[in-house]
Amino acid sequence: MGGVEDDEPASKRMKLSSEELIHLSNGSTVKESIVGSSRDLMARPLQSDGGEEVVGSKGVIKKVEFVRIIAKALYSLGYIRSGAHLEEESGIALHSSIINVFMRQVLEGDWDESVATLHNFGLTDEMTIKSASFLILEQKFFEFLGEEKVMDALKTLRTEISPLCINHRRVRELSLSIVSPSHCFTVRSPKQNTSRARSRTKLLEELQKLLPPTVMIPERRLEHLVEQALGLQRDACMFHNSLDEEISLLADYQCARDQIPSYALQILQAHTDEIWFLQFSHNGKYLASSSHDCSAIIWEVDANGISLKHKLSGHQKPVSSVSWSPDDHQLLTCGVEEVVRRWDASSGECVSVYEKAGLGMVSCGWSPDGKWIFSGVNDKSISMWELDGRELECWKGQRTLKISDLEITSDGKQIISICRETAILLLDREAKVERFIEEDQTITSFSLSRDNRFLLVNLLNQEIHLWSIEDDLKLVSKYRGNKRTRFIIRSCFGGLEQAFVASGSEDSLVYIWHRGTGELIEALPGHSGAVNCVSWNPKNPHMLASASDDRTIRIWGLNNLSAKQKDAHGNGIHYCNGGT
């Protein structure tokens, strides 16, 4: 593929190919002279004794390509003799004679001959030929400069490089390197080495990337194919949820179900009424929860489990949601159509209150730099505040509902809120552009992915929809199984690379789906009331929290991490061994 069928015996082709790869591996120069003219050769597809013979059970792998890739891998690994023997025994050359000639010419610095040989490859893409010629002549130019042959370098630039009429910006840089020699180093590629031999080897690698793979097989092609296959196996595994999993070439990759947090390791019992919302901090070291009991709690996460750090009191109405600051040093809490409070997470003290006369807050969120906060207001507007409580801006109109989540993308540009019963507003506050996710059913809540590319939307009809919001708004997947008839139920992304979707449910279960396939993986029993909200620890893919009307928070983990059974109920925490 990309070579020629010539009259040379296989052993002769083997010698040419193995030697040039030795030169590639150690950067030495070629001393053996090249026999014959490249102008008599054309880069036609290689032929093997088997013709279009294929290997493998599916009949899709061409034998010639397969052998060439293996030979390439052997040479790359330093097994020069083994690669040469494979070429000799199979009768399949890694490269055609014209390619071997070309590579030797490049390594020896025969620039004019190498450009002429390049034109005999039989390539149909004129731009590829020009781009490859540019790289070769650029190397010629730099070597002239290195030898202080300025006039020769200038001639190369004027009569050979410039007439190619491509890469004009680079041509200007090369011109500047003649006028200002100190500029020469800056215009060289970072990959270029001061050693001429190694520099020429790097040039070959760049040419290899540019030329069609049928002409020159890309470096590490076999490794790339194997890594790609392993990646596809890993992505296809529904239970992949750990960086510690070793991937072997000797067997197909398969994770066990025990990588999913499905054992109740702790039950947190400090709230005195229904728990409506909870959220892990960005660093995974804290968990915040809010309740109908008009309080919020900051829990601390450590190696021994989760313990109560601060109980935040001050709201006069139930606390509907919380939001961690980007640095996790502060927490916002929002009372139901009441005020937003800002708390110091370390001391548990309230440091500021945000309110509007005659109006109530319905949601809250942070700017990504932590300098401002945002709040939904029950007059359907969205406000932006200074930390000291001064209102900076207000987006009036149908921007939010009395019951709505609020998210701000990590670039600070988009504000996301439920603006109508069946629509979510994505407001670009800089470009002043509005986009809308339109659903047929009533939207009850939503959650933004960590990479800001996807939105999970919970609907009244007991479905959860996954929307892509990066460019065009697009419905990607649907998740079914959880129950919702009366209450607001929230879902979340989670697990390693957020490969899973978890949700609460009115049937007291916690549901977990594989995000890619939409297949239901787990329905976790244990709660005795509706599960209103779930949150997956962003730093620990094996920790999931769920909040319920039964006034408890359950911490789910792996069976082998289960805490020891404790008899006492200290500090509002109950330890369990995975039972329900």
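Some observations on this one:
- On a per residue basis, the stretch 89-186 carries 46 Å² of accessible surface, using protein heavy atoms and a 1.4 Å probe.
- Between the stretch 131-163 and the stretch 486-520, the alpha-carbon center distance in angstrom: 61
- Probe 1.4 Å, protein heavy atoms only - accessible area per residue of the stretch 430-552 in square angstrom: 40
- Counted charge near residue 475, where neighbours are those whose Cβ lies closer than 13 Å (Asp, Glu -1; Lys, Arg +1): -3
- Per DSSP, loop trypsin sites (Lys or Arg not before Pro) in the stretch 428-531 with at most 10 further Cβ within 10 Å: 432, 486
- Along its first, second and third principal axes, ordered by size, the stretch 216-355 spans 70, 36, 27 Å in Cα coordinates.
- Estimated inter-spin distance, residue 350 and residue 116, nm [label 7 Å along Cα→Cβ]: 8.8
- For residue 494, neighbours were defined as the other residues whose beta-carbon sits under 14 Å from its Cβ, and their charges (Lys and Arg +1, Asp and Glu -1) total +1.
- The distance separating the Cα centre of the stretch 402-437 from that of the stretch 292-346 comes to 24 Å.
- Diffusion constant of the stretch 323-373 at 10 °C, which comes from Stokes-Einstein with the Kirkwood Cα-pair radius and 1.306 mPa s, µm²/s: 142
- Tail weight of P(r) past 13 Å, computed on alpha-carbon pairs of the stretch 210-279, percent: 77
- Fraction of accessible area attributable to carbon and sulfur, the stretch 235-329 (%, probe 1.4 Å): 47
- Surface composition of the stretch 52-181: carbon plus sulfur atoms hold 54% of the accessible area, using a 1.4 angstrom probe and ignoring ligands, DNA and RNA.
The values are calculated or read from the model by the stated rules, or taken from the named source; none is laboratory data. The structure presented is a predicted model; accordingly, all values stated were derived computationally and were not measured. When we count neighbours, we look across all protein chains shown, and the Cβ atoms used for this are built from the backbone with ideal geometry, even at glycine. Just the protein is used for accessible areas: all its heavy atoms, side chains included, with ligands, DNA and RNA removed. Shrake-Rupley method; radii C 1.70, N 1.55, O 1.52, S 1.80 Å.
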